[in-house]
Amino acid sequence: ENKTEWLDAQNNPEDLSAGTRKVSFSRELYIEKDDFMEEAPNKFFRLKPGGEVRLRYGYFIKCNEVIKDESGNITALHCTYDPESKGGQSPDGRKVKGTIHWADSKTCIDAELRLYDRLFVKENPEDVGEGQTYLDFLNPDSLKVITAKVEQSLKNVKPMDRFQFERKGYFCVDKDSKPDKIVFNRIVTLKDSWTKIAGNE
């Protein structure tokens, strides 16, 4: 509690010349909702009760307790971390298969993400039946706008800057973006290996 540690993270794991950035690690972190499953099947290697994963550029953590509200919604996970596993390796040689991403609740910032998808649900929207028009095949999910937690290192981005959010896709800073309201547009999605295994892709 009341302690922050700064860790080194690679800017581009495929290009070491891109350098590193500092990411903060403290007691309370955010993780992706998809990276936890309370009743997980065998091939789910992300976080689960009693399971251990590697935090990207951080430590091994183990989920000990699931906290829920009165409606049964998960609100928090109580975990312990292994201080000997900094950088993702453990001196006792134990292996963990899953690596997940995270943001420090103390330093992360809010950003608006605009997730664009296909405009039409049909490959050829002009191939219509009687009484139909191409408007009948508009994709209702062609744009989703969400608020996300992102690293504080992104607070000074400028319009048209581009980034890869690992496992999520490639994003470009929108011209509407302002220092007090950062806006990213997703320009390319990435395949998620678990989504494919689970049959959701």
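The values are calculated or read from the model by the stated rules, or taken from the named source; none is laboratory data. Note that the coordinates shown come from a computational prediction; the quantities given were computed from them, not determined experimentally. Heads up, the Cβs are rebuilt from the backbone with ideal geometry, glycines too, and the neighbour counts pull from every protein chain shown. Each accessible area value is taken on the protein alone, full model and side chains, heavy atoms only, with ligands, DNA and RNA left out. Shrake-Rupley method; radii C 1.70, N 1.55, O 1.52, S 1.80 Å.
Subtract the Cα-Cα distance of residue 71 and residue 135 from 0.36 nm times their separation in residues, and report this length gain in nm to one decimal.
Numbers: separation 64, 0.36 × 64 = 23.04 nm, distance 3.91 nm.
Computed gain between residue 71 and residue 135 is 19.1 nm.
So, counting K/R as plus one and D/E as minus one, what does the shell of residues with Cβ under 15 Å around residue 158 add up to? Could you put the intermediate results ahead of the total?
Values: positive: 155, 162, 175, 178, 181; negative: 161, 174, 176, 180.
Net charge in that neighbourhood comes out at +1.
Where in the chain lies the longest segment free of trypsin sites (Lys or Arg not before Pro) that are both loop residues by DSSP (not H, G, I, E, B) and have at most 15 other Cβ atoms within 10 Å? Please report the intermediate quantities before stating the final value.
Values: sites that count: 3, 27, 43, 94, 95, 97, 106, 118, 122, 155, 175, 191.
Answer from the scan: 44-93.
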Please report the relative contact order for segment 141-191, taking Cα pairs under 8 Å with a sequence separation of at least 6, and give it as a percent rounded to a whole number.
29
Of the candidates 136, 104, 34, which one comes out as most mobile in a Gaussian network treatment of the chain with C-alpha springs shorter than 10 Å?
136
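Past the 19 Å Cα-Cα mark, which pairs from 62/95; 68/95; 106/149? Don't skip to the answer; put the middle values down first.
Working: 62/95 13 Å; 68/95 30 Å; 106/149 11 Å.
Flagged as over cut-off: 68/95.
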Based on DSSP, what percent of beta bridges with both residues in the chain are antiparallel, to the nearest 5?
80
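Could you give the dipole magnitude of the chain about its Cα centre, charging the beta-carbon of Lys and Arg +1 and that of Asp and Glu -1, in debye to the nearest 20? Could you put the intermediate results ahead of the total?
Numbers: 33 positive and 36 negative charges, 143 e Å.
In debye, rounded to 20, the chain gives about 680.
Pulled fully out, how much extra length does the chain show between residue 21 and residue 153, if you take 0.36 nm times their separation in residues and subtract their Cα-Cα distance?
On the way: separation 132, 0.36 × 132 = 47.52 nm, distance 0.76 nm.
Gain in length upon complete extension: 46.8 nm.
Hey, any idea what % of the chain's accessible area is carbon plus sulfur with a 1.4 Å probe? Mind dumping the intermediate values first?
On the way: 6450 of 13670 Å².
After summing per-atom areas, the C and S share lands at 47 percent.
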Compute for the chain: radius of gyration divided by Kirkwood radius, i.e. Rg/Rh, restricted to C-alpha atoms, rounded to two decimals.
1.02
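Subtracting the Cα-Cα distance from 0.36 nm times the residue separation, let me have the gained length for residue 170 to residue 128 in nm, one decimal. Kindly include the intermediate steps, with their values, before the conclusion.
On the way: separation 42, 0.36 × 42 = 15.12 nm, distance 3.34 nm.
Stretched fully, the residue 170-residue 128 segment lengthens by 11.8 nm.
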With springs only between Cα atoms under 10 Å, which of 28, 84, 126 fluctuates most in a Gaussian network model of the chain?
126
